[in-house]
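S.K.: What follows is a single structure, and I will ask about it in a moment.
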Amino acid sequence: MGALLDKMLAKMGKRASDLPAMSKMAGIFRRHGVQSSSELDRIKALPRRRWQEGEGMLPEYDGVADLVTEHLRASTGEMRLRHVQAVALVEMADFGGLFANARAGIGKTLITLLAPTVLEAKRPLLLVPAKLRAKTLLEIEQLRGHWQIDSRIRVVSYELLGRVQAADQLEVFQPDLIVADEAHKLKNTKAAVTRRVRRYMAAHEDTKFVAVSGTISKRSLHDYSHVLRWCLPKHAPLPKSFGELCEWADALDDDVDEFRRFKPGALAELMNDEERAMRGPSGEPTLKAARSAFRRRLVETPGVIVTTDDKVGCSLSIEAVEPSYGPQTDEAFRRLRRDGETPDGHPCADGVDVWRHARELACGFFYKWSPYPPMTWLAPRKAWCKFVREKLKHSRHLDSEEAVAREHPDAPERQAWLAVRKTFEPNVVPVWLDDGPVQFAAAWLRANNGIVWVEHQAVGQRLAEVTGVPYYGAGGVRWGGGPRDLVELADTTRPIIASIASNSEGRNILKEWSRNLVLSMPPAGLIAEQLLARTHRDGQRADEVSFEVVMGCVEQWECFQRCVSDARYVEDTLGQEQRLLYADKILPSESDIASRRGARWDKEAE
């Protein structure tokens, strides 16, 4: 009822706090918490099992790696499956699908490539990020000599499937199996690619689905509930009803404010004695208890593989570092805090703009429009974008801007935008204020054979120009020539510069380095965990992997804290140990940050 109330108020453009009576009613429902239902009964009745090696493992999983290896290995093969790979393939065959959230380094790629063979698919489709498609095709050829990999696998990128010209590609190909590698690419239910997959799965209920990811969730059940149901339509340990799912999410999710937080309520029926004993001051089971009970229910469900151990044979350390900044950076931060303006006088539209420019300034530069678009162009563009967002939000069949345009060709917002669209060509350029951060990174590269990770293309290119160290940007391709991309990189005795967005997942060769400098930490725990796993993973030969993380302003510190919070949610609800939590960390505390003076650290500085 609480979730239904939220939806009703949202349609009215109101919040429960705006209406005293409604607020009181919402509080009553939330105090009672998650309600018991037939869906909860179904989930409680699902079988449980433990597949991990060691005490408590079911006897039928003993020796499974040898059996499955013998069955799937090619006549010339010499490789052997790991226990987790074999269990995943067995349960995939038993349940017609698989939902796997497994740590980096356990061999997820081989699971995805053997899925068509195990499930006897006739038209298998493998979805991968565009930046990993070339790597995947290369791995198929390399692994085919060892394993019975189906030659009919069609490898398509998420990005291609999300384009307007690919709107009917699934219906044309008619896959009877969809394998989603890096399945977190489907977490956004409003994205075109997710809408198309969802539409296809609804229309073809006999299509099997396999989802594999290192970090399937960012901070909500909504990140993966739909994917879990595609994989295990009859055995998914989450409610099928959207209203009930919202209640569970409001009880378990990370980013839920105090007013919206549901009590565990009926979720206590999933708890064991130890969890029931975990009670807060009010006598109610704690959030940690509710998450623990849900985690056990999820990871013990057949067809769900979640790795909860960390077998990387080396330690991990994370330390905050701060470059030297010149007075021009301090002045730029003062202007940003005081006037809400960038150094060139451009006003920031909102807090997101301020946050973005602060992170740029901490790297020594800021991006600006050159030239800045006239309002006669910008205003119609904003109005059309708002129109598109609203239509996508409330539509089940529209999945992209192009689709909205086709259905609403005469909308005033579209006509106004079309009238001015070609009158201005957007162009963004970096403006450098301070070389301190770049020189700091250059000195680090001279002293370390490691990787400097950058968020901004401008920083990667400038650092490459200053040092001569190769920068691998979009698609893992080297900027400025040289070896084509990281897949073909042979010389691992020299340092490199790498784009976080392009190389923080699927680049297994990066385990050859053990020292890392991060100039701008990504703003989400999901990406941060993938970034750490590029070098802290199976096959790492060093005794310790180190990450030095630049924190030059309060926004960068807050960003890291957000990542830690995300990691805690993932570990609590999925049981997968998070590197951000178990790493040895040397970081400024909240009181340290509060005591620092200057506009870089004080948002209220004048």
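S.K.: At a temperature of 25 °C and a viscosity of 0.890 mPa s, determine how fast segment 374-460 diffuses translationally according to Stokes-Einstein, using the Kirkwood radius over alpha-carbon pairs as Rh; express D in µm²/s, rounded to the nearest whole number.
M.R.: For the chosen part, D equals 146 µm²/s.
S.K.: At q = 0.14, 0.20 Å⁻¹, what log₁₀ I(q)/I(0) does a Debye calculation on the Cα points of segment 63-236 give, no solvent, two decimals?
M.R.: Relative scattering, expressed as log10 I(q)/I(0), comes to -0.70, -1.46.
S.K.: I'd like the distance separating the alpha-carbon centroids of segment 541-606 and segment 329-386, in whole Å.
M.R.: 25 Å
S.K.: Still on this structure, I have one more. Viscosity 1.306 mPa s, temperature 10 °C: Stokes-Einstein D of segment 375-426 from its Kirkwood Cα radius, in µm² per second?
M.R.: Using the Kirkwood radius from Cα pairs, D works out to 141 µm²/s.
S.K.: Considering only Cα-Cα distances, which of the following residue pairs are longer than 24 Å: Lys131/Lys422; Lys135/Lys185; Lys190/Lys386; Lys135/Lys511?
M.R.: Exceeds cut-off: Lys131/Lys422.
S.K.: I would also like to ask the following. Using the reciprocal of the averaged 1/r over all distinct C-alpha pairs, how large is the Kirkwood radius of segment 25-147 in Å?
M.R.: Computed over segment 25-147, the radius equals 17.4 Å.
S.K.: Still on this structure: Taking the Cα centre of the chain as origin, work out the dipole magnitude from +1 charges on Lys and Arg Cβ and -1 charges on Asp and Glu Cβ, in debye rounded to 20.
M.R.: Roughly 1480 debye, rounded to the nearest 20.
S.K.: Pop out the Kirkwood hydrodynamic radius of segment 293-339 from its pairwise C-alpha distances, inverse of mean 1/r, in Å to one decimal.
M.R.: 16.3 Å
S.K.: Helix hunt in the chain: which complete DSSP H runs extend at least 27 Å axially by C-alpha with mean Kyte-Doolittle at least -1.0?
M.R.: Result, helices passing both filters: 554-574.
S.K.: How big, in percent, is the set of alpha carbon pairs in the chain lying more than 48 Å apart?
M.R.: So the portion of pairs separated by more than 48 Å is 14 percent.
S.K.: Work out the length of the dipole vector of segment 455-606 about its Cα centre, built from +1 on the beta-carbon of each Lys and Arg and -1 on the beta-carbon of each Asp and Glu, and round it to the nearest 20 debye.
M.R.: Approximately 460 debye in magnitude.
S.K.: Choose one of Val90, Ser75, Thr112: the residue whose Cα lies farthest towards the positive end of the charge dipole of segment 74-149 (beta-carbon charges +1 Lys, Arg; -1 Asp, Glu; about the Cα centre).
M.R.: The Cα lying farthest towards the positive end belongs to Thr112.
S.K.: Related question: Distance cut-off 21 Å, Cα to Cα: go down the list Lys44/Lys234; Lys218/Lys391; Lys382/Lys603; Lys187/Lys208 and report the pairs above it.
M.R.: The answer is Lys218/Lys391; Lys382/Lys603.
S.K.: Using the Cα centre of segment 375-426 as the reference point, and only Cβ charges (+1 on K/R, -1 on D/E), how large is the resulting charge dipole? Debye, rounded to the nearest 20.
M.R.: 160 debye
S.K.: Report the full-extension gain for the segment Asp273 to Asp94: residue separation times 0.36 nm, less the Cα-Cα distance, to one decimal in nm.
M.R.: 61.3 nm
S.K.: Given Leu40, Cys385, Ile305, which one lies farthest toward the positive end of the charge dipole of the chain, if we put +1 on the Cβ of every Lys and Arg and -1 on the Cβ of every Asp and Glu?
M.R.: Positive-end residue among those listed: Cys385.
S.K.: Now for a separate question. Taking a ≥ b ≥ c as the square roots of the eigenvalues of the Cα gyration tensor of segment 510-606, is the shape rounded (a/c under 1.5), prolate (a/b larger than b/c) or oblate?
M.R.: In terms of gyration-tensor shape, prolate.
S.K.: Run the numbers on the chain and let me know its relative contact order in percent, using alpha-carbon pairs under 8 Å that are six or more apart.
M.R.: Worked out over the chain, it gives 15 percent.
S.K.: If you count the DSSP beta bridges with both ends in the chain, what percent of them are antiparallel, to the nearest 5?
M.R.: Of the beta bridges lying entirely in the chain, close to 20 percent run antiparallel.
None of the figures in this text is laboratory data; all of them are computed from the coordinates on show. These numbers were taken from a predicted model, which means no experiment stands behind them. Note: ideal-geometry Cβ built from the backbone for every residue, glycine included; neighbour counts use all protein chains shown.
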